[in-house]
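Please read the structure below before turning to the comments.
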Amino acid sequence: MYLKKSKTIVIKIGSSLIIDQNKKIRKKWLTEFAKDIKDLLKQKKNVILVSSGAIALGCKKLNLSKQNIKLDKSQAVASIGQIELMNLFNKIFSTKKINLSQILLTLEDTEQRRRAINAKRTFENLFELGFVPVVNENDSIATTEIKYGDNDRLASRVAQISSADCLVLLSDVDGLYTQNPKLFKNSQLIKEIKNIDLDIEKIATKSISVHGTGGMKTKIEAAKICQLSGCMMVIANGLLERPIKKIIEKNKCTWFLPKISKLDARKKWII
């Protein structure tokens, strides 16, 4: 219901949805995901993709292990992998006649008012031209001190800047559970969250991912930003075929409701 009503939607996909543990690209999943995006565009919705995967694809091309790469070398690997990532997206999405553009952002781009306004205008112009922006952190120049380090929080800032109605975080689980579902079978899915209290933060334990850098903890941080930006946020299982369609069909997921309206959020502009 929430997704159907949204005009501008930001969708974040992690590295583990693009490339598996064996460094094999999930082409079938990406092809089905492209169908989801095409359906949203047919409904006259604005779509922004926030995608990880540059370093993972760079490692694949260079036959390296991500765990053994230092920051300075990872910047070069990200530069190599970003081209691989965009080539992959363009090859698959072009079959659905979806036009893509690339935007690389740093932490400063989203935190400084002038840069954020410039980014907002770029998003708006791309929407008018009928393009889907593909956003990633600019890992080639970002350092430990001035980087997000995960795309969950970057996606929430992109949602804030673009005045999005909804942020979709596609994960490897159905949403936020009362306990880690991989360890506790009787854990229950929390379907809707209005207030992120200490109990919610305690159960947001880090998930395990071979290629990704985030976890449930970073998703909760992203939800906090969205709640104060007047933006809905949902955590859903991205491993399913046609994950966006599944959300619309009310499949298992966790929704985070905004605390303030988008109008009030615009007045604050940057949290």
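Give the long-range amide H neighbours of residue 177: residues separated by 5 or more places, or on another chain, with amide H under 5 Å away, using H modelled in the peptide plane at 1.01 Å from N.
Long-range HN contacts for residue 177: 190.
Cα gyration tensor of the stretch 5-68, axes a ≥ b ≥ c as square roots of the eigenvalues: rounded (a/c below 1.5), prolate (a/b > b/c) or oblate?
On the way: a/c = 3.88, a/b = 2.34, b/c = 1.66.
It is prolate, given that a/c is not under 1.5 and a/b is the larger ratio.
Going by a 4.7 Å Cβ-Cβ cut-off, which cysteines of the chain have no partner at all?
So far as the 4.7 Å Cβ criterion goes, 59, 166, 253 stand without a partner in the chain.
From the phi angles alone, apply the Karplus equation (6.51, -1.76, 1.60; θ = phi - 60°) to the stretch 99-104 and give each ³J(HN,Hα) in whole Hz, x where the residue is Gly or Pro.
Each residue's phi maps through the Karplus curve to give 8, 10, 10, 10, 10, 10 Hz.
Under the Karplus relation 6.51 cos²θ - 1.76 cosθ + 1.60, θ = phi - 60°, what is the ordered set of whole-Hz ³J(HN,Hα) values for the stretch 75-84, x standing for Gly and Pro?
5, 5, 4, 5, 4, 5, x, 5, 5, 4
Enumerate the calculated ³J(HN,Hα) couplings along the stretch 217-224 in order (Karplus 6.51 cos²θ - 1.76 cosθ + 1.60, θ = phi - 60°), each rounded to whole Hz, writing x wherever the residue is Gly or Pro.
Calculated HN-Hα couplings, in order: 4, 5, 5, 5, 4, 5, 5, 4 Hz.
Based on the alpha-carbon gyration tensor of the stretch 30-109 and its eigenvalue square roots a ≥ b ≥ c, which shape applies: rounded if a/c is under 1.5, prolate if not and a/b is larger than b/c, or oblate? Write out the running numbers ahead of the final one.
Details: a/c = 3.02, a/b = 1.88, b/c = 1.61.
Since a/c reaches 1.5 and a/b is larger than b/c, the shape of the stretch 30-109 is classed as prolate.
Of 45/91; 7/97; 12/91; 194/245; 28/194, which sit over 31 Å apart, Cα to Cα?
Values: 45/91 22 Å; 7/97 20 Å; 12/91 19 Å; 194/245 24 Å; 28/194 35 Å.
Over 31 Å apart, Cα to Cα: 28/194.
Cβ under 13 Å from residue 224's Cβ, residue 224 left aside: what net charge do those residues give with Lys, Arg +1 and Asp, Glu -1? Spell out each step's value before the answer.
Numbers: positive: 153, 157, 194, 217, 219, 259; negative: 152, 197, 201, 221.
After counting each charged neighbour, the total is +2.
So what's the net charge close to residue 87: Lys and Arg +1, Asp and Glu -1, counting the other residues with Cβ under 14 Å from its Cβ?
Working: positive: 27, 60, 61, 91; negative: 84.
Net of charged neighbours comes to +3.
Restricting to DSSP H runs of at least four residues, report the calculated mean residue ellipticity at 222 nm for the chain, -39500 (n - 2.57) per run over all residues, nearest 500 deg cm²/dmol. The partial results should precede the final answer.
Working: 12 runs with 120 residues, N = 271.
Taken over the chain, the calculation gives -13000 deg cm²/dmol.
Kirkwood Rh, Cα Rg: Rg to Rh for the stretch 2-268?
Taking Rh as the inverse mean 1/r over Cα pairs, Rg/Rh reads 0.93.
Using DSSP, restrict attention to beta bridges with both residues in the chain and report what percent are antiparallel, rounded to the nearest 5.
Details: 6 of 34 bridges.
In the chain, approximately 20 percent of DSSP beta bridges are antiparallel ones.
Bear in mind these aren't lab numbers, they're just calculated from the coordinates by the rules spelled out. Since the model is a prediction, treat every value here as computed from it, not as a measurement. Heads up, the Cβs are rebuilt from the backbone with ideal geometry, glycines too, and the neighbour counts pull from every protein chain shown.
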